[in-house]
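S.K.: Here it is, the structure in full.
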Amino acid sequence: MVYKIVQITDTHLTPEGGQPANHQQIDPADKLQDVFDDIYTTNVDPDLIVITGD
């Protein structure tokens, strides 16, 4: 059996009202939502989504 896995890493999410890490100009939560939107609209249809980071 073959599985489709999407890995998302180093999201650098910050608490609401906090300053985004590394001088990001776009809210990390908005960027993460864009990633999920892309997964949905491209019909990747993964079996598993793994969010990793340091």
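S.K.: So which residues in the range 21-36 are charged (D, E, K, R) and either modelled with pLDDT of 95 or more or not in a loop (DSSP other than H, G, I, E, B) (or both), if there are any at all?
M.R.: Of the residues in the range 21-36, the ones charged (D, E, K, R) are 27, 30-31, 34.
Listed by number, the residues that qualify are ASP30, LYS31, ASP34.
S.K.: Which one of these does ILE8 not meet: (1) in a strand (DSSP E or B); (2) open to solvent by 60 Å² or more (accessible area, probe 1.4 Å); (3) aliphatic (A, V, I, L, M)?
M.R.: With (1) in a strand (DSSP E or B); (2) open to solvent by 60 Å² or more (accessible area, probe 1.4 Å); (3) aliphatic (A, V, I, L, M) applied to ILE8, the lone miss is (2).
S.K.: State the number of residues belonging to the range 2-25 that are on the phi > 0 side of the Ramachandran plot and without any contact (Cβ under 8 Å) to a residue 40 or more places away in the chain.
M.R.: Pass one, the range 2-25, residues on the phi > 0 side of the Ramachandran plot: 10, 12, 17, 22-23.
Next, only the ones that are without any contact (Cβ under 8 Å) to a residue 40 or more places away in the chain stay: 17, 22-23.
Number of matching residues: 3.
S.K.: Next question. Give me a count of the residues in the range 13-43 that are surrounded by 12 or more Cβ atoms within 10 Å (Cβ to Cβ) and either closer than 22 Å to TYR3 by Cβ or in contact with a Leu (Cβ under 8 Å, 6 or more places away or on another chain) (or both). Steps first, please.
M.R.: First pass over the range 13-43, keeping only residues surrounded by 12 or more Cβ atoms within 10 Å (Cβ to Cβ): 13-14, 20-21, 24, 27-29, 31-32, 35-36, 39.
After this cut, where a residue has to be either closer than 22 Å to TYR3 by Cβ or in contact with a Leu (Cβ under 8 Å, 6 or more places away or on another chain) (or both) as well, the list is 13, 28-29, 32, 35-36, 39.
Here the count works out to 7.
S.K.: Next question, about the same structure. Note down all Cβ pairs under 7 Å where the first residue falls in the range 26-54 and is more than 10 Å from ILE8 (Cβ to Cβ), the second is hydroxyl-bearing (Ser, Thr, Tyr) and at pLDDT 95 or above, and they're at least six residues apart or on different chains.
M.R.: ASP47/TYR3; LEU48/TYR3
Here's the yes/no breakdown for (1) acidic (Asp, Glu); (2) touching a Pro at 6+ places or on another chain (Cβ under 9 Å); (3) at pLDDT below 85:
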position: TYR3; (1), (2), (3): no, yes, no
position: GLN19; (1), (2), (3): no, no, yes
position: ASP38; (1), (2), (3): yes, no, no
position: PRO46; (1), (2), (3): no, no, no
position: VAL50; (1), (2), (3): no, no, no
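The values are calculated or read from the model by the stated rules, or taken from the named source; none is laboratory data. Note that the coordinates shown come from a computational prediction; the quantities given were computed from them, not determined experimentally. Methodologically, a virtual Cβ is constructed for each residue, glycine included, from the backbone with ideal geometry; neighbour enumeration extends over all protein chains shown. The accessibility values were calculated without ligands, DNA or RNA, using every heavy atom of the protein model including side chains. Shrake-Rupley method; radii C 1.70, N 1.55, O 1.52, S 1.80 Å.
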